[in-house]
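Heads up: the structure comes next, in structure tokens.
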Amino acid sequence: MRIAVVYSSRSRKFDGITRTILATLQSQGHTVDEIRTEKVTRIPSLFQYELVFVGSAVEGAWGGKFSESLESFIKKCSGLQGKRSVVFVYPRPLGTSKAMKRIMKRLEEKGSIVIDFRSIKTVSQAREFARRLGERKNRLL
């Protein structure tokens with residue numbers, strides 16, 4: 001399966017979580033493309049992917065927000081209509097659920113179908129999340 005992992009990160013912890021998701025999916029035989037929103041110069045189409053992982057750390061003094069670069073990417077990208085997507089966030093004490101809901105809302109506004117979401121704080125949680133979703137490949141298609 002061809003998978004995109006779209007994420008925004010300003011921390012090493014979240015980078016580690018994202019790298020774990022990428023490596024786990026690749027170890028299952030999937031073709032995985034990493035799209036870090038801070039490094040994107042031209043917004044690509046996501047049409048070619050069967051599954052799109054979307055992630056960000058929860059931001060804001062009270063939480064509930066996610067990266068502006070990820071929000072901008074979602075607004076500008078194409079190819080999300082009918083696309084299955086998965087949301088993952090690095091939590092904060094407050095606002096984690098609200099941030100996940102905001103990301104899911106943006107994806108659904110673009111026509112994506114969110115099939116799963118998770119707050120991930122550790123590498124082992126990231127590995128399990130990716131492993132479980134990677135094994136579901138036949139049910140996703």
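If both residues of a DSSP beta bridge must be in the chain, then about 5% of such bridges are antiparallel. Legend: Rg and Dmax of the range 2-136, from Cα coordinates, 13.4, 40 Å.
Largest GNM mean-square fluctuation among 111, 16, 29, using the chain with Cα springs under 10 Å: 29. Working from label points 7 Å from Cα in the Cα-to-Cβ sense, the residue 48 to residue 81 distance is 2.0 nm. Fewest neighbouring Cβ atoms within 10 Å first, the residues 3, 21 line up as 3, 21. Working note: Karplus 6.51/-1.76/1.60 with θ = phi - 60° gives the range 23-28 the couplings 5, 5, 5, 5, 5, 8 Hz, where Gly and Pro are set to x.
Computed from point charges on the beta carbon alone (+1 for Lys and Arg, -1 for Asp and Glu), the dipole magnitude for the chain about its Cα centre is near 180 Debye. Largest mean-square fluctuation among 102, 92, 12, in a Gaussian network model of the chain whose springs join Cα atoms under 10 Å apart, belongs to 12. The gain in end-to-end length when the residue 97 to residue 124 segment is fully stretched comes to 7.7 nm, 0.36 nm per residue minus the alpha carbon separation.
Values in this text are rule-based calculations from the coordinates and carry no lab data. The structure displayed is predicted, hence computed values, not measured ones. Virtual Cβ from ideal backbone geometry, glycine too; neighbours counted across all protein chains shown.
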